[in-house]
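Read the figures in this text as sums done on the coordinates, not as results from a lab. Since the model is a prediction, treat every value here as computed from it, not as a measurement. Virtual Cβ from ideal backbone geometry, glycine too; neighbours counted across all protein chains shown.
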């Protein structure tokens, strides 16, 4: 057992939160495997927060793994690369696992050779200047792999007005069921450490904190062994609670700094990166390897053999499910992401994208569809809201379509973590109401 | 690939997050409160005899019955199994003298459930506590019946203090201002419940057992009871009263009110800060009524008054958004 001593303890805690059963035991002890290379991939041209990429190949073009197929448009955008070698067979609009509209998607059919671009090979990343490193990270198409999918190069570009003094590496993985980050820390700790060093160098930070929830003691130990606790580096074990991994809550817990409402971590001199992002940064800088695959957890009672899998981007979910021996029974819900914030799917044909941290398949047994009851003003939603909002009151405004009032009660600050709905005894669909309200307010 | 066809031909559930929920429900909370009130109910049978059980059963039956009838007549879903009407029935009975005429709980429950709760929209929409509002209604309608009908407890009136028979400790205090009521034998009997009073209010210890259960399960918060009882204690030390804080805490309906009625979710403030204010307000009004009001006891009116102030308290205690 790992002992928690004073210097590994956080200095504060975040307000609210919940303690759901984490259900991680299905995959936490399973070493990652490589999923077979799919016959066909569907690569949406937008897999990041921000602007879509612009297609630069045409139907019939031959591509290798790592061939750039779409170029970034504007600053908050990243390129997309072919994740298998073969031929571009279609460029048209397809459904997207996360976005509500059809998105231009590049379809590649495999030539079974898995040949990679020639320039993807080992090199000395120490020779690069900071500017060159940022360019490498952007050209590799790297986005935040925790689920937010915000372009990484934008976050690490140093800002003169807002200097960063602390880099937080997020290994919390507070969503139940998911274990991909956990396995990554166990299996690729050295690579993550290099990625962290590269980001720390670019941002010129003096203090680097690797934060991991204490339901992953082996990962904490592994990261402590890999990263010496000196030179400003520390590995901190955090009490397991949801949403500990949310950026603002993590900064509050570790540094007792409050990111201003509607502000960014950089407003309080902090930068947060997910462990998987650090790994991708390492691969980009060391091998010139663009983001063409990622580690996901495919789990849930609906999956016969849950696994942590390295999946090529664009692989349709059905292929990955087949590799896990299929479904145990007819699935009731397929969720891209965690069970607290993930997006449900209409079918299992959707491609794995850069932001997919896992896929959860739930059966009818786990799904309780309950009718909404009346709000009894018990205040549980208020006590658990990590953003100090009044979910039940906002819901009343949304019900009356009073979006101006909902806005004045800060519905736009809602991080959609789901803590309120999780604990609501009346089973009121609070997050549903807030997503609706946010959308309506944006359309106003 | 049969799997894929299965999924393609069947409908998946699509919904907004989250996709997992805690197992808490309104029904579970309500029935837990019912369970928490049981020790005090059994205590009342022990101290006053089976009549208390009869009054309580009548009160529950008519609360549930009138709720069912109203929901049926108004064409709404019958939700009597959620336990909220049962609680109203028990709490109303707990606020009645043991020897009250048997039609009183029936009228009271009807008023509580139909007028106070359902006419305002049902569970979650009533702005005052239904049981307490019904008690107030009964008090103004039949004051004579509501302030007599006390039964002597098992061991005679207030063992250790038997100067008069068949009254409540607070009315004795108000009438006779006898400081021997502060003596330990009296206080001990107040805590145990061996004294005159309403059906469910007498035994502090049995009420506290139930309250502890609710606190541990997280179904009530400590804030309102602590603020309420704490302010009664402090005020009984600083205001001109002959009686000790012990007497003020255990002699009337304070324990029942503070843990089971002031904590009613629907009619109390929703924010932590507001709950403190609400509790203190209840304490202040209770003591003002006890010391200078026309009634010996002020718990129910203090809670009713603070119920009415709840929307205002909520408005002025909105928490600041994270980072705001």
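Taking the DSSP beta bridges in chain A as the whole, what percent of them are antiparallel, to the nearest 5?
60 percent
Have a look at the DSSP beta bridges in the protein assembly as shown and tell me what percent are antiparallel, nearest 5.
Taking every DSSP beta bridge within the protein assembly as shown, about 60 percent pair in antiparallel fashion.
Classify the range A:40-109 as rounded, prolate or oblate, taking a ≥ b ≥ c as the square roots of the eigenvalues of its Cα gyration tensor: rounded when a/c is under 1.5, otherwise prolate if a/b is larger than b/c and oblate if not.
oblate
Could you put A:438, A:206 in order, starting from the residue whose Cβ has the fewest other Cβ atoms within 10 Å?
The most exposed by this proxy come first: A:206, A:438.
In degrees, nearest 10, range 0 to 90: what is the angle between the Cα axis of helix B:51-73 and the longest Cα principal axis of chain B?
Its long axis makes an angle of about 40 degrees.
Rg(Cα) of the range A:212-359 divided by 2.2 N^0.38 Å?
Normalised Rg, Cα atoms only: 1.21.
If the elastic network links every pair of Cα atoms under 10 Å, which of A:162, A:201, A:262 fluctuates the most in the Gaussian network model of chain A?
Sorting by GNM fluctuation, first place goes to A:262.
Please label the shape of the protein assembly as shown as rounded, prolate or oblate, based on the square roots a ≥ b ≥ c of the eigenvalues of the alpha-carbon gyration tensor (a/c under 1.5 means rounded; beyond that, a/b larger than b/c means prolate, else oblate).
In terms of gyration-tensor shape, prolate.
Strictly greater than 25 Å: what percent of every Cα pair in the range A:46-156 meets that?
26 percent
Scattering from the C-alpha atoms of chain B alone, worked out with Debye: what is log10 I(q)/I(0) at q = 0.07, 0.09, 0.10, 0.16 1/Å?
With one equal scatterer per Cα and no solvent, log10 I(q)/I(0) is -0.30, -0.48, -0.57, -1.38.
Can you give the percent of C-alpha pairs in the range B:1-102 whose distance is more than 18 Å?
63 percent
Kindly provide the helix-only [θ] at 222 nm of chain B, computed as the sum of -39,500 (n - 2.57) over DSSP H runs of four or more divided by all residues, to the nearest 500 deg cm²/dmol?
When only DSSP H runs of four or more count, the value is -17500 deg cm²/dmol.
Pairing the Cα long axis of helix B:299-316 with the longest principal axis of chain B, what angle in degrees results, from 0 to 90 and rounded to the nearest 10?
Helix B:299-316 sits roughly 40 degrees off the main axis of chain B.
Be a star and scan the range A:154-178 for residues whose amide nitrogen sits under 11 Å from the point 7 Å along the Cα-to-Cβ vector of residue A:130.
Those under the cut-off are A:157-160, A:163-164.
P(r) tail for the range B:65-146, what percent of Cα pairs lie past 16 Å?
46 percent
So how tilted is helix B:223-238 from the main axis of chain B? Cα-based, degrees 0 to 90, rounded to 10.
Once rounded, the angle reads 20 degrees.
Apply 1/(1 + (r/R0)^6) to the Cβ-Cβ distance of residue B:81 and residue A:21, taking R0 = 25 Å, and write down the FRET efficiency to the nearest 0.05.
That gives a FRET efficiency of 0.35.
In the range A:294-366, what is the volume of the convex hull around the alpha carbon atoms, normalised per residue and reported in Å³?
72 Å³
To the nearest µm²/s, what D does Stokes-Einstein give for chain A at 4 °C and 1.567 mPa s, using the Kirkwood radius over alpha carbon pairs as Rh?
Translational diffusion coefficient: 58 µm²/s.
How do A:242, B:125 rank when sorted from fewest to most other Cβ atoms within 10 Å of their own Cβ?
Least crowded to most crowded, the residues run B:125, A:242.
How high is the relative contact order of chain B, in percent, counting Cα pairs under 8 Å that sit 6 or more residues apart?
Contact order relative to length: 17 percent.
Hey, could you pull the Cα Rg and Dmax for the range A:380-443, both in Å?
In order Rg, Dmax, the Cα atoms of the range A:380-443 give 10.4, 32 Å.
Considering the convex hull of the alpha carbon atoms of the range B:184-321, report its projected area averaged over all viewing directions, in nm², one decimal.
Result: 8.9 nm².
Please order A:375, A:203, A:324 by the number of other Cβ within 10 Å, starting at the fewest.
In order of increasing Cβ crowding within 10 Å: A:324, A:203, A:375.
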